[in-house]
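To start, the structure under review is shown below, and the notes come after it.
The values are calculated or read from the model by the stated rules, or taken from the named source; none is laboratory data. The shown structure was predicted, so the numbers you read here are calculated from the model rather than taken from an experiment. Note that each Cβ is placed from the backbone with ideal geometry, even for glycine, and that neighbours are counted across all protein chains shown.
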Amino acid sequence: MKYGLVAAHGYDPGPSQRPLTAGAISGILATVPAILVLIAFGSLKVEAHILGISQLETLASGWLAMAVAGAIYARFFGRSANAVRGGWLFGSSFGFALWGAGAVLVLPLLSGGRAPAGDAAAGLALALIVWGFAIGVLVPFVHRPLHEGLEKASKHKSVGPDAAAVPKGPVHQQRPKSRS
């Protein structure tokens, strides 16, 4: 046995690794259209001023936050996050919830009670809904190749958590398909 104890205890990627990674990647990608909305409404400039950091630092921290939010989205919605037809709806509602939690509750707490108003506030709300829509559309398409890639990379099905599910021996060999 090549990997010994490490392989016996689940060397293969676990079931939560794929959705978390797919969600984080999708969250990063979905940030691009959201940034365009923030810039169009002037929200990025206002948000940077409220936080007391530069616009570049605001973008960097926002991208990190959206990667974490994407992982949370994929884990929270699970299989529903992979819905090609309904993902946009789950994502949009999650984006709205993020706006309610982040822009309405957390941002004022971090900034001593200051929050965006007017066009900047509308831009922030719209940006998070656009982000949610985009992540809802992206997750199924990011998750599928990631899932297939991890499955192909996993070579040791005779050990680890999937070992019990792998049929062994001549009784379990595949039979040729009948031509009926």
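Below, the figures for the structure above:
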| read-out | value |
| --- | --- |
| Residues that are in a helix (DSSP H, G or I) and of a type in the set (A, V, I, L, M, F, W, C), drawn from segment 71-94 | Ala71, Ile72, Ala74, Phe76, Phe77, Ala81, Trp88, Leu89, Phe90, Phe94 |
| Residue within segment 50-64 that is within 13 Å of His143 (Cβ to Cβ) and over 11 Å from the mean Cα position of the chain (by Cα) present | no |
| Qualifying positions in segment 67-96 - within 14 Å of His143 (Cα to Cα) and either in contact with a His (Cβ under 9 Å, 6 or more places away or on another chain) or crowded, with 17+ Cβ neighbours inside 10 Å (or both) | Gly70, Ala71, Tyr73, Ala74, Phe77, Ala81, Asn82, Gly87 |
| Selection status of Gly52, more than 15 Å from Leu146 (Cα to Cα), surrounded by fewer than 17 Cβ atoms within 10 Å (Cβ to Cβ), in contact with a Gly (Cβ under 7 Å, 6 or more places away or on another chain) and not hydrophobic (A, V, I, L, M, F, W, C) | no |
| Hits in segment 81-139 (condition: basic (Lys, Arg) and modelled with pLDDT of 85 or more) | Arg85 |
| Filter pass, Ala120 being within 20 Å of the chain's Cα centre (by Cα) and either of a type in the set (Gly, Ala, Ser) or farther than 13 Å from Ala34 by Cα (or both) | no |
| Residue among Gly113, Gly102 that is over 17 Å from Phe141 (Cβ atoms), surrounded by 15 or more Cβ atoms within 10 Å (Cβ to Cβ) and not hydrophobic (A, V, I, L, M, F, W, C) | Gly102 |
| Cβ pairs under 8 Å, 6+ apart, first in segment 14-41 and farther than 14 Å from Phe141 by Cβ and surrounded by fewer than 19 Cβ atoms within 10 Å (Cβ to Cβ), second among the charged types (D, E, K, R) and modelled with pLDDT under 95 | Ser16/Arg75; Leu20/Arg75 |
| Residue pairs meeting the criteria (Cβ under 7 Å; at least 6 apart or on separate chains; first touching a residue at least 24 places away in the same chain (Cβ under 8 Å), in segment 122-148; second buried (at least 18 other Cβ atoms within 10 Å of the Cβ) and outside any helix (DSSP H, G or I)) | Leu124/Pro116 |
| Unique match (being of a type outside the set (Lys, Arg), in contact with an Asp or Glu (Cβ under 9 Å, 6 or more places away or on another chain) and on the phi > 0 side of the Ramachandran plot) among Gly42, Gly62, Gly52 | Gly42 |
